[in-house]
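Quick notes on the structure that follows.
The values are calculated or read from the model by the stated rules, or taken from the named source; none is laboratory data. In this text the structure is predicted, and so the values were computed from the model without any measurement. Cβ: placed from backbone, ideal geometry, glycine included. Neighbour counts: every protein chain shown.
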Amino acid sequence: MIMTRGITAKNAFDILNAAIKANQERNGPALAFVILDNGGHVKLSHVQDGCAIARYDIALGKAYASLAMGFNSRQFYNYVKQGTLPEMFANSINGALNGKFIALPGGVLIHSQGVAIGAIGISGASSDYDEEIAMKAISLAKLE
């Protein structure tokens with residue numbers, strides 16, 4: 001019996017391929033992509049040639065932040081920016097999670113039929129661009 005924790009390998013590859021294509025169409029910079037299952041385990045990752053070495057860890061942290069909080073990393077970022085949550089709260093969570101929590105846009109939950117099956121984190125450009133590519137890739141893969 002094969003057990004799947006949320007996102008399937010096919011879904012993860014479809015999202016990754018769509019993200020790479022979307023970035024190429026925009027002639028974007030080299031990016032790092034990390035797709036997690038809904039248990040927070042790496043399902044698939046890819047770092048494009050020329051991408052800076054810290055980008056994988058940042059992409060992982062963005063995806064993990066989305067799963068940890070149950071919403072896209074931009075929402076947490078906005079809460080801190082608007083003063084709804086203190087910045088110290090984000091720092092405390094990051095410490096509790098051994099540095100795996102990056103509360104910047106670019107971490108997006110992946111849903112299927114209204115259920116979170118995983119998350120994608122992207123890093124390598126502005127956080128807005130990273131998030132845009134993530135959302136487009138999820139949509140192109142026919143997920144939510």
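A single member of ILE15, ILE58 is farther than 13 Å from ALA134 by Cα and either within 14 Å of the chain's Cα centre (by Cα) or of a type in the set (A, V, I, L, M, F, W, C) (or both), and it is ILE58.
Here PHE71 meets the list (1) in a loop (DSSP other than H, G, I, E, B); (2) free of Cβ contacts under 8 Å to residues at least 40 places away in the same chain; (3) more than 16 Å from the chain's Cα centre (by Cα) almost entirely, failing just condition (3). Evaluate the following for ALA63: is it within 18 Å of the chain's Cα centre (by Cα), free of Cβ contacts under 8 Å to residues at least 40 places away in the same chain and either loosely packed, with under 15 Cβ neighbours inside 10 Å or within 25 Å of ALA12 (Cα to Cα) (or both)? No, not satisfied.
Restricting attention to region 32-40, does a residue exist that is in contact with a Cys (Cβ under 6 Å, 6 or more places away or on another chain) and either under 21 Å from LEU67 (Cα atoms) or among the charged types (D, E, K, R) (or both)? So far as region 32-40 goes, yes, one or more of its residues are in contact with a Cys (Cβ under 6 Å, 6 or more places away or on another chain) and either under 21 Å from LEU67 (Cα atoms) or among the charged types (D, E, K, R) (or both). Checking each residue in region 40-52 for being in a strand (DSSP E or B), more than 18 Å from PHE101 (Cβ to Cβ) and of a type in the set (A, V, I, L, M) picks out LEU44, VAL47. Whether any residue in region 24-39 is assigned to a helix (DSSP H, G or I) and farther than 13 Å from SER123 by Cβ is what I want to check. There is at least one residue in region 24-39 that is assigned to a helix (DSSP H, G or I) and farther than 13 Å from SER123 by Cβ.
Scan region 22-40 for residues that are surrounded by fewer than 14 Cβ atoms within 10 Å (Cβ to Cβ) and over 15 Å from the mean Cα position of the chain (by Cα) and jot them down. Across region 22-40, the qualifying residues are GLN24, GLU25, ARG26, ASN27.
Can we say GLN75 is out of contact with any strand residue (DSSP E or B) (no Cβ under 9 Å at 6 or more places or on another chain), modelled with pLDDT of 95 or more, surrounded by 15 or more Cβ atoms within 10 Å (Cβ to Cβ) and not small (Gly, Ala, Ser)? Taking the combined requirement at face value, the residue satisfies it.
Answer yes if at least one residue in region 120-130 is closer than 30 Å to GLN24 by Cα, within 16 Å of the chain's Cα centre (by Cα), buried (at least 23 other Cβ atoms within 10 Å of the Cβ) and among the charged types (D, E, K, R), and no otherwise. Yes: region 120-130 contains one or more residues that are closer than 30 Å to GLN24 by Cα, within 16 Å of the chain's Cα centre (by Cα), buried (at least 23 other Cβ atoms within 10 Å of the Cβ) and among the charged types (D, E, K, R).
One line per residue, one yes/no per condition, for (1) β-branched (Val, Ile, Thr); (2) touching an Asp or Glu at 6+ places or on another chain (Cβ under 8 Å):
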residue: ASN17; (1), (2): no, no
residue: ASN23; (1), (2): no, no
residue: GLY28; (1), (2): no, no
residue: LEU31; (1), (2): no, yes
residue: GLY39; (1), (2): no, no
residue: LYS43; (1), (2): no, yes
residue: VAL47; (1), (2): yes, no
residue: ALA52; (1), (2): no, no
residue: TYR56; (1), (2): no, no
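Counting the residues of region 92-144 that are outside any strand (DSSP E or B), on the phi < 0 side of the Ramachandran plot and touching a strand residue (DSSP E or B) at 6+ places or on another chain (Cβ under 8 Å) gives 10.
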